[in-house]
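To keep things clear, I will list the structure first and then write my remarks on it.
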Amino acid sequence: MQRNKRAMRRAVLARMFDLLEESYGVDISREEFIGEMISPHEVDALLSFKSDTRLVELRGALERIADGSFGICIGCKTEIEPELLQREPARRMCARCEREFSRVTETAESDALHP
């Protein structure tokens, strides 16, 4: 489990680094950032004053890794498919719950537009 937790953290940090580099430029190497050669406080400093919702979501993923809730669907409380987390590390719902949520949301929006 500990190795898996480390791999998840590295995947989240990799996505975070890519966003930071793309949007803001960073003064640190990818290897240092992803290899956890910087402290969580330094990560927070890099993220401060950046209002990118994707970075906020990834920061939340790091917190979920730390507290043990990473990869657990907020809808049905089952494990989110690993391939989905690999593509989208900040994901909070499994595919089934996401489809259901989308269906309910679309229905509600349609009802609001056509009362």
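If I model a spin label as a point 7 Å beyond the Cα along the Cα-Cβ vector, how far apart are those points for Asp52 and Ser23 in nm?
Taking the simple label geometry, Asp52 and Ser23 are separated by 0.5 nm.
What length, rounded to one decimal in nm, is gained on full extension from Arg10 through to Glu42, with 0.36 nm per residue of separation minus their alpha-carbon distance? Don't jump to the answer; show the numbers that get you there.
Details: separation 32, 0.36 × 32 = 11.52 nm, distance 1.56 nm.
Stretched fully, the Arg10-Glu42 segment lengthens by 10.0 nm.
Tell me, which cysteines of the chain are without a disulfide-compatible partner by the Cβ under 4.7 Å rule?
Cys76, Cys97
Compute the projected area of the convex hull of the Cα atoms of the chain, averaged over all viewing directions, and report it in nm² to one decimal place.
8.9 nm²
For region 1-107, state which chymotrypsin sites (Phe, Trp or Tyr not before Pro) are in a DSSP loop and have at most 14 other beta carbons lying within 10 Å of their beta carbon.
For chymotrypsin sites (Phe, Trp or Tyr not before Pro) across region 1-107 that sit outside H, G, I, E and B with at most 14 neighbouring Cβ atoms in 10 Å, the list reads Tyr24, Phe49.
Expressed as an acute angle from 0 to 90° and rounded to the nearest 10, what is the orientation of the C-alpha long axis of helix 53-67 relative to the principal long axis of the chain?
Roughly 80 degrees, rounded to the nearest 10.
For region 1-84, with the dipole built from +1 on Lys and Arg beta-carbon atoms and -1 on Asp and Glu ones, taken about the Cα centre, which of Leu62, Ser39, Phe17 lies farthest toward the positive end?
Leu62
Every number here is computed from the coordinates shown, using simple stated rules; none is lab data. All of these numbers come straight from a predicted model, not from anything done at the bench. Positions of Cβ are backbone-derived with ideal geometry, glycine not excepted, and every protein chain shown enters the neighbour counts.
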